[in-house]
């Protein structure tokens, strides 16, 4: 996983907007940085659609900020896309949960896909 920094979330953590800022910052990330492919349950390709984030819980550790978030995204079942392939591309809803730890000093985030 590439290192991702969430500086806006780190700056807003002690205020009432921390969940809104975390949601916004995660939704603005390149979806390729999130573990969407590993989380797919229905399709075999991640659809090119925006990822929606639900902040489920937030908390604090001694040296990190913690959050559990839900990711709403879409997948596709990709076929060969040949002229005689009758399978239409159907967008399938997907959901995954992540546990996120944000370093209090640097804003570097690590996440783990939850089952």
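The values are calculated or read from the model by the stated rules, or taken from the named source; none is laboratory data. These numbers come from a predicted model, not from an experiment. Cβ coordinates were reconstructed from backbone atoms using ideal geometry, including for glycine residues, and neighbour counts include every protein chain displayed.
Are any residues in segment 89-115 on the phi < 0 side of the Ramachandran plot and not in a strand (DSSP E or B), and if so, which ones?
89, 90, 104, 105, 106, 115
For residue 55, state whether it is within 17 Å of residue 12 (Cα to Cα) and modelled with pLDDT of 95 or more.
So residue 55 fits the description; yes.
What single numbered condition from (1) out of contact with any helix residue (DSSP H, G or I) (no Cβ under 8 Å at 6 or more places or on another chain); (2) surrounded by 13 or more Cβ atoms within 10 Å (Cβ to Cβ); (3) modelled with pLDDT under 95; (4) closer than 17 Å to residue 18 by Cα fails to hold for residue 40?
Condition not satisfied by residue 40: (4).
If we scan segment 26-34, do we find a residue that is on the phi < 0 side of the Ramachandran plot, exposed (fewer than 13 other Cβ atoms within 10 Å of the Cβ) and at pLDDT below 95?
Yes, the conditions are met somewhere in segment 26-34.
Can you tell me which residues in segment 93-105 are touching a strand residue (DSSP E or B) at 6+ places or on another chain (Cβ under 7 Å) and farther than 11 Å from residue 66 by Cα?
Hits for segment 93-105 are 93, 94, 95, 96, 97.
For the structure I just gave you, tell me whether residue 62 is part of a loop (DSSP other than H, G, I, E, B), modelled with pLDDT under 95 and under 17 Å from residue 108 (Cβ atoms).
Spelling it out, residue 62 is indeed part of a loop (DSSP other than H, G, I, E, B), modelled with pLDDT under 95 and under 17 Å from residue 108 (Cβ atoms).
Does residue 46 satisfy the criteria of being farther than 15 Å from residue 115 by Cα, surrounded by 14 or more Cβ atoms within 10 Å (Cβ to Cβ) and modelled with pLDDT under 95?
Judged against the criteria, residue 46 is a match.
Could you check segment 7-49 for helices (runs of 4 or more DSSP H) lying wholly inside it with 2 or more residues that are farther than 17 Å from residue 66 by Cα?
By residue number, 36-39.
Got a number for residues in segment 49-82 being more than 22 Å from residue 18 (Cβ to Cβ), surrounded by fewer than 18 Cβ atoms within 10 Å (Cβ to Cβ) and either touching a residue at least 60 places away in the same chain (Cβ under 8 Å) or touching a strand residue (DSSP E or B) at 6+ places or on another chain (Cβ under 8 Å) (or both)?
3
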